[in-house]
Amino acid sequence: MDTRDSNVLLPRESAKLIANNSKDVKIHPEGVKKIANHMYECAKKNTYNLQSWRTEHELNPQSQDESALDWVFVADTLNFSFWSDDESQKYRIKFNGKEYTGYWSWCAALNRALKNDVNITDANFYANITEKKLAEILKSDSDTPIPLLEERVAVLREAGKVLLEKYEGKFLNCVKACNKSAQSLLQLVVRDFPSYRDEADYQGKRVSFYKRAQILVADIWACFEGKSYGEFHDIDTITMFADYRIPQALYHFGALSYSEELMKYLNAEKMMQTGDRYEIEIRGCSIWATEMVAEKTRELIEKDASLKDVVMNSILIDHYLWDFRRDHAEEMRDNIPFHRIRCIYY
Ligand SMILES: Nc1nc2c(c(CN[C@H]3C=C[C@H](O)[C@@H]3O)cn2[C@@H]2O[C@H](COP(=O)(O)O)[C@@H](O)[C@H]2O)c(=O)[nH]1
């Protein structure tokens, strides 16, 4: 099923174009190699793999049924913009005796709602959700509310209405329509769910990052461990998800560097607008650097006969880097700024 708008470059081609033309963001092969060595070690010790998505994260669904699929779809529909203007004033959610911030706070709020018998993963419920109801579901356990509440209501309602109108209210019908192709599911999602259409204009071309659409496919693959609803024959064509955290990890390992002007801009904590050249270069170079890491890691694995069945792709590298950044947030925060943008795409 080729449903894609042919004049939009796919994320991998977009990233290559941006990396080849970038002025303020540079990719460094030695940093790429450093991460590839890390991933090779993980492959040898089997410390980071397809099962990690479930085993390492208590908030992710532990079942592998349609309810898990519905959870992933809602989670990734609102999986954007969790950073706080002021690091000391974070949106926080307490759940099952633990406190969560950032992306995990959204997952905690989602699970808290389900525990309170709120049908937040049912399209019949969220297609008509009110701002008041979503505010209740996302109610912060700190003085800081979740950013972009109004946008979250609009995005959730849109997703619910499309599911009801086109897919009998079941995201499973979207998965079934794609004949186990990650690219087909990606294209269906960006075609039918406008809030996932994460694109930009760059040097006269229409480029795409599709961060939430790609992480949606990847989360389904990981949740079902590549089987059942998560079986995709072309999963390795999914790129890293261009958010505002992976660039920090890539920078930490020396795979990315910023010009003096860009560093000054980031350290001044200035806001960016969707489509700014700085934003496009950070996101595009991050994707391309991760593709280079995936290629290097595969080369290392291919030379090692004992690792012939190991699964390794940009998704697992992304997850490793994202978890690494989260686990080293304090250390990174002081010297590796992230780009500040308020949008519904990441
Ligand atoms: N590239 C990439 N971006 C990711 C994720 C995830 C969640 N994935 C977890 C689930 C299973 C995996 O194993 C991961 O542990 C969230 N995000 C993005 O990060 C930002 C939030 O950051 P902070 O404010 O620090 O919480 C925001 O843009 C959000 O969209 C990822 O995996 N990759």
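The values are calculated or read from the model by the stated rules, or taken from the named source; none is laboratory data. Please read these numbers as outputs of a predicted model, since none were measured by experiment. Here the Cβ positions follow ideal geometry from the backbone for every residue, glycine too, while neighbour counts run over all protein chains shown. We work out accessible area using only protein heavy atoms, side chains counted, and drop any ligands, DNA or RNA first. Shrake-Rupley method; radii C 1.70, N 1.55, O 1.52, S 1.80 Å.
With every protein chain present, what accessible area does K211 have (1.4 Å probe, heavy atoms only), rounded to the nearest 10 Å²?
Approximately 10 Å² for this residue.
Find how many whole Å separate the alpha carbon centroid of the range 303-329 from the alpha carbon centroid of the range 211-245.
Taking the Cα centre of the range 303-329 as reference, the centre of the range 211-245 is 14 Å away.
Which of the peptides 324-336, 70-82, 105-117, 36-48 is most tightly packed, and how do the rest follow, judged by the mean count of other Cβ atoms within 10 Å per residue?
70-82, 105-117, 36-48, 324-336
Given the whole protein assembly as supplied and a 1.4 Å probe, what does the accessible area of C343 come to in Å², nearest 10?
Using a 1.4 Å probe on the heavy atoms, I get roughly 10 Å².
Looking at the square roots a ≥ b ≥ c of the eigenvalues of the Cα gyration tensor of the range 11-335, which shape do they give, rounded for a/c under 1.5, prolate if a/b is larger than b/c, or oblate?
Since a/c stays below 1.5, the shape of the range 11-335 is classed as rounded.
Cut-off 17 Å, label point 7 angstrom out along Cα-to-Cβ of V311: give me the residues of the range 164-188 whose amide nitrogen falls inside.
180-183
I need to check one value: relative contact order of the range 59-105, counting alpha carbon pairs closer than 8 Å and at least 6 residues apart, in percent.
The value is 26 percent.
Under the rule a/c < 1.5 gives rounded, and otherwise a/b versus b/c splits prolate from oblate, where does the range 1-73 land using the Cα gyration tensor?
Taking the square roots of the gyration eigenvalues as a ≥ b ≥ c, the range 1-73 is oblate.
Note down the relative contact order for the range 11-335 as a percent, whole number, built from C-alpha pairs under 8 angstrom at least six residues apart.
Across the range 11-335, relative contact order equals 27 percent.
Between L164 and E261, how high is the FRET efficiency from 1/(1 + (r/R0)^6) when r is the Cβ-Cβ distance and R₀ = 51 Å? Nearest 0.05.
Calculated value: 0.60.
Quick one: length gained pulling E87 to E99 fully straight, 0.36 nm per residue minus the C-alpha distance?
Extending this stretch completely gives an extra 2.8 nm.
Suppose accessible area is computed on protein heavy atoms with a 1.4 Å probe; arrange M312, M271 from highest to lowest.
Heavy-atom accessible area, descending, gives M271, M312.
Do you know the relative contact order of the range 95-157, to the nearest whole percent, from alpha carbon pairs under 8 angstrom that are 6+ apart?
The value is 29 percent.
Using the Karplus equation 6.51 cos²θ - 1.76 cosθ + 1.60 (θ = phi - 60°), what ³J(HN,Hα) coupling, rounded to whole Hz, does each residue of the range 250-257 give in order, writing x for Gly and Pro?
Rounded to whole hertz, the list is 4, 5, 4, 8, x, 8, 10, 9.
Heavy atoms only, 1.4 Å probe, whole protein assembly: order T101, T55 by accessible area, highest first.
On the way: T101 25, T55 100 Å².
Sorted by accessible area, descending: T55, T101.
With every protein chain in place, what's the accessible area of D234 (1.4 Å probe, Å², nearest 10)?
Around 20 Å² of this residue is reachable by solvent.
Using heavy-atom solvent-accessible surface (probe 1.4 Å) with all chains present, what is the largest-first order of Y251, Y320?
Y251, Y320
For a Förster distance of 35 Å, can you work out the FRET efficiency between the beta-carbons of E136 and K270, rounded to the nearest 0.05? Don't jump to the answer; show the numbers that get you there.
Working: r = 34 Å, r/R0 = 0.96.
The value I calculate is 0.55.
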